[in-house]
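Below you'll find the structure, written out as structure tokens, and then a few comments.
The values are calculated or read from the model by the stated rules, or taken from the named source; none is laboratory data. Because the structure is a prediction, the values reported are computed rather than measured. Note: ideal-geometry Cβ built from the backbone for every residue, glycine included; neighbour counts use all protein chains shown. Ligands, DNA and RNA are excluded from the accessible area calculation, which covers all protein heavy atoms including side chains. Shrake-Rupley method; radii C 1.70, N 1.55, O 1.52, S 1.80 Å.
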Amino acid sequence: MAPASEHAPRPIPFADLQAQYRALKPKIDARIQRVLDHGQYIMGPEVEELERALSAFTGAPHCITVASGTEALLIALMALGVGRDDEVITCAFSFAATAEVIVLLGARPVFVDIEPDTCNIDAGTIEAHITPRTRAIMPVGLYGQCADLDAINTIAARHGLPVIEDGAQSFGALYRERRSCNLSTIGCTSFFPSKPLGCYGDGGAIFTSDAALAQTMREIRVHGQSGRYRHTRLGVGGRMDTLQCAVVLAKLGRFEWELQRRRELARRYHAALAGVRGVSVVAQRPYGESAWAQMTVRVPRRDEVIQTLANVGVPTAVHYPKPLHHQPVYEHFAAASDCPHSAAAAREVLSLPMSADLQEADLDVVVDALAGALTA
Ligand SMILES: *Cc1c(COP(=O)(O)O)cnc(C)c1O
């Protein structure tokens, strides 16, 4: 990004990772320096320290850090034995990684539509998609709000199916007083820099309360080794490196505050947007509290709105412009007319600047600009 001229107003950051770094600089720098000093770049002491800390945070007895959120989902599916010609039920409206890992294993993603107001998987339509080939159900906590896991777990239990929660966006969210990633058979998250809890590269984690599954996933993470150079199952090179674990450890001390702050900013956005005609916000269910990975609204004439906002220095993003079953690589898994609510959302959703370090004054500028764009 080109440096802003001294006189131009500071552009509003979409997610202010630099302000976060400034606030945590002594802690992060010291944590990184410690790793450089001990030199255990792979599986150093910070890896286990982070796994313990994240277990304590989520309440899930077992945590396995991995190379990314995508790797977390892949390892979870591998541990459950998902393979060729199996089916995995998931949401048509998500980031591509959710479907990608299913297809990589030779299995078939079965796309279920969203609830139009929350943009999360419609639990009520899952059961109709279960067949003798179904091996797992994979809901996503889109934009930071958990899907209705109680309803999903009940359906899964009725059919003896495991549930993998894709909590890449919902890490830190609450669902009936419990944390995201500790709500089902396996919970997966990502520490991609812009996620609610990010590192400074790629990283992720898997959570479970099943000790045997945890052991299996630890082995898969390191090339399927049950002992040094003893490869008893197919695995991957899926470790999270020590430096990235050190960064997350440094950030964890501020995470609760950041979640509170995101919630306050979301409330302020909702209050301000209530008076803006043409905008609707993503509905929040009373069963929990979102981690507010994104502050997403729905607007008409989205391309024009994006341009008008960009012209006044307000960055936006679209999560996501196409539902998964309309993507060239996945379109043969479903009819184009399936999941119409996902298709409608993909045309209208717009994510506004959101991070714990977003300034209230900047938030007000965003809302004013959006109101202006919609009345123009
Ligand atoms: C970001 C994301 C992933 C993938 O995480 P990476 O760490 O980028 O691999 C998976 N699912 C969802 C819903 C995500 O938002």
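Remarks
- Cα gyration tensor shape of the range 116-188, rounded if a/c is under 1.5, else prolate or oblate by comparing a/b with b/c: prolate
- Ligands, DNA and RNA are left out, and with a 1.4 angstrom probe the accessible area of the range 150-271 is 40 Å² per residue.
- For the chain: Kirkwood Rh in Å [reciprocal of mean 1/r, alpha carbons]: 21.3
- For the range 180-224 versus the range 289-308, the spacing of their alpha-carbon centroids is 29 Å.
- In the range 1-147, the portion of solvent-accessible area held by carbon and sulfur atoms comes to 56 percent [1.4 Å probe, whole percent, DNA, RNA and ligands not counted].
- Ligands, DNA and RNA are left out, and with a 1.4 angstrom probe the accessible area of the range 38-149 is 33 Å² per residue.
- Nearest-10 value in Å² for the accessible area of residue 222, using the 1.4 Å probe: 30
- Counting only DSSP H runs of at least 4 residues, each contributing -39500 (n - 2.57), and dividing by the residue count of the chain, the helix-based mean residue ellipticity at 222 nm comes to -12500 deg cm²/dmol.
- Electrostatic bookkeeping for residue 236 treats Lys and Arg as +1 and Asp and Glu as -1; over the other residues with beta carbon under 13 Å from its beta carbon, the sum is +2.
- Within the accessible area of the range 255-375 (1.4 Å probe), percent carbon and sulfur: 52
- Whole-Hz Karplus values for the range 275-291 come out as x, 9, 5, x, 9, 10, 9, 5, 5, 10, 7, x, 6, x, 9, 5, 8 Hz, taken residue by residue from phi with 6.51 cos²θ - 1.76 cosθ + 1.60 and θ = phi - 60°; glycine and proline positions read x.
- Global form of the range 1-93, assessed from the alpha-carbon gyration tensor, a/c cut-off 1.5: oblate
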